[in-house]
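Working notes, structure below.
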Amino acid sequence: MTVRDGWAVLDTTSATAVGVRRAGDVIDTVDRRSYLHAGPQVEPGEVVGPMRGAILGALVLEGEAPDLAAAGELFDAGKIDLRPCHSASAVGAMAGIISPSTPVVVVEGDDGHNAFAPLNEGLGRALRFGAHDAAVLERLRWMSTVLTPVLDDALRAVDGIDITALQSEGLRRGDECHNRNVASTAALTVRLAPAVVEHAPDSGTAAAILDFLAGNPHTFLSFSMAAAKLVADAAHRCGTRGLVTAIAGNGRRMGIRVSGLDSWITASAPVGDPKLFEGYTVDDACPMMGDSLGPR
């Protein structure tokens, strides 16, 4: 970190995607009944509906409960440990639940530090929104057992991908690398396609993986969030006090992390001015939740 014209500037901002792994294999604090969530620390009794839905779905996914009813009993009995994603150099979208089999993008800085973000599930019903039906869980199983090892092998085969460079190119092509990732997703898919074909067990699997990546305009979002977390964590460690290095919500509270402080600074999470489907009112809306408000 240096100071130029009164501004703190990171000397190192490279972020290279080096793998896609199961969270339980790369994040020490994630295990069979210890999950990560978006935003500042939340107690089990405070968990809002979408996050609860994601937790229950994760418990079934991990085989800790045979069904959602049993998962609810397990959670209500206080058997699940919840910690913020930010405590583990990770970020989570929306409900932000990361359980052991969650595929996470692994991004590495040239200082050797890593950051993680769950691989995006696609649009529509998804665990990150609290959905947990059979189709959602089946897609997550496929992502964990089929998609993850092939993408991991593909990223190793290309010696990693410079996400900072892809973000720069995406910005030039009209992306903002958060809600719009069309150009960046296309560039990422093209870069990985030959290695995916080479490392997939058969042509049908390769086609399914490439269709999944290219068909989801938010594929790049996970890579962008992990890269942003990596850079923000570098700022948090830099020794300069007073830098805001995260802004996140858990559905109850919004929080900021500031370099030089060990704790979050929090306030009530706002609802905002949502666009609603017919039949719903603002009273049905969940207050703001997710880690992608920051670090960026």
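Key figures for this structure:
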| read-out | value |
| --- | --- |
| Filter result for Asn120 (at pLDDT 95 or above, under 18 Å from Ala15 (Cβ atoms) and in contact with a His (Cβ under 7 Å, 6 or more places away or on another chain)) | yes |
| Every residue from region 35-74 that is open to solvent by less than 30 Å² (accessible area, probe 1.4 Å) and not hydrophobic (A, V, I, L, M, F, W, C) | Tyr35, His37, Gly39, Pro40, Gly53, Gly57, Gly72 |
| Strands (runs of 3 or more DSSP E) (entirely within region 75-146) containing at least 3 residues that are surrounded by 21 or more Cβ atoms within 10 Å (Cβ to Cβ) and not acidic (Asp, Glu) | 103-108, 114-118 |
| Candidates Val20, Val42, Val60, filtered to the one that is closer than 25 Å to Val258 by Cα and either part of a loop (DSSP other than H, G, I, E, B) or of a type outside the set (Gly, Ala, Ser) (or both) | Val42 |
| Some residue of region 153-165 being in contact with a Phe, Trp or Tyr (Cβ under 7 Å, 6 or more places away or on another chain) and polar (S, T, N, Q) | no |
| The one condition in (1) closer than 19 Å to Arg83 by Cβ; (2) assigned to a loop (DSSP other than H, G, I, E, B); (3) acidic (Asp, Glu) that Asp233 fails to fulfil | (2) |
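The values are calculated or read from the model by the stated rules, or taken from the named source; none is laboratory data. None of the values given here were measured: they were computed from a predicted structure. Cβ atoms come from the backbone with ideal geometry, glycine included; neighbour counts cover every protein chain shown. Protein only, heavy atoms only, side chains kept; ligands, DNA and RNA dropped before computing areas. Shrake-Rupley method; radii C 1.70, N 1.55, O 1.52, S 1.80 Å.
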